[in-house]
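A short write-up of the structure that comes next.
Please treat every number below as a calculation from the coordinates, not as lab data. Keep in mind that what you see is a predicted model, and the values were worked out from it rather than measured. With ideal geometry, Cβ positions are generated from the backbone for all residues, glycine too; neighbour counts draw on all protein chains shown.
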Amino acid sequence: LNQSATRVFKLNFVMVVVCHWVACLWYTCADFAVRAGAADNWREADEADETLAIDHEHLGGSGYLRAIYWAIVGMSTVGYGDIVPTYLYETTFSALIILFGGLVLPAVVCGLATYLGNLNVAVKIHRNKLARVRSYMRNARMDPVLVQRVLRFYDYLWYRQGGVDEEAVMEELPGPIRQRVAMHVNGAVIDSVPFFALCDDTAKQLIVSILKPKTFLPSDVIARQGEIGTELFLIERGQ
């Protein structure tokens, strides 16, 4: 998972835990009312509703679900009036939860929307690039077959790299780190070439530091036998 997805997951997990503890405290408020000698509490009022079949004898089952329901409604709205406080403790706790929900929940929802938007940043950049490419090919009046081949290349590039420009990332790194990263990424390819097996580590590090990543479509011909070669290609995938 990337950083944005991790934050979204953590944020949702925290909200679930908060709802659980608010529900437990709300359920316990009725116990405080009983110990304080109150004539009524929200659980008894809920059980007295003939349209429902609620049993609050034990913490669990329908009683816990009703408390969770109240917690979600209380933190996201001002309530629907079907579960209401009937004693001072319950009223105070309800006011605090509604205040908490009114102040904090909008910020949480805004943050969640921002994180979800960040999840699609790479997709949006890719689509914008494709839109510019399509506009260019349309203005150049390219052959439809060539247009499809160009679009297929960008789709394949997205499939392989996921919107990450490897060369741009490497250029931003300082020399020593870039060399170590390049050795980690391409070291196995260098070692697989018998000609380079005789080179020492210094020579291998120099070689990987000047390599440039290139992506070709499947079935593309990189070089033909008999052509004068001016470049060295190390094939990571393909033949």
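The figures follow:
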| item | result |
| --- | --- |
| MRE, 222 nm, helices only [DSSP H, n ≥ 4, -39500 (n - 2.57), over the chain, to nearest 500] | -22500 deg cm²/dmol |
| Cα shape, region 101-239, gyration tensor, a/c 1.5 rule | oblate |
| Estimated inter-spin distance, Phe196 and Arg180, nm [label 7 Å along Cα→Cβ] | 2.0 |
| Of (1) 272; (2) 149; (3) 136, the label for volume of the Cα convex hull per residue in Å³ derived from the coordinates | (1) |
| Vicinal HN-Hα couplings computed from phi for region 199-211 (Karplus, 6.51 cos²θ - 1.76 cosθ + 1.60; Hz; Gly/Pro x) | 7, 7, 5, 5, 5, 5, 5, 5, 5, 5, 6, 9, 6 |
| Positive dipole terminus of region 86-237, leading residue within Ala113, Val189, Tyr87 (C-beta point charges) | Ala113 |
| Phi to ³J(HN,Hα) by Karplus 6.51 cos²θ - 1.76 cosθ + 1.60 over region 21-31, Hz, x for Gly, Pro | 5, 4, 5, 5, 5, 5, 5, 6, 4, 5, 5 |
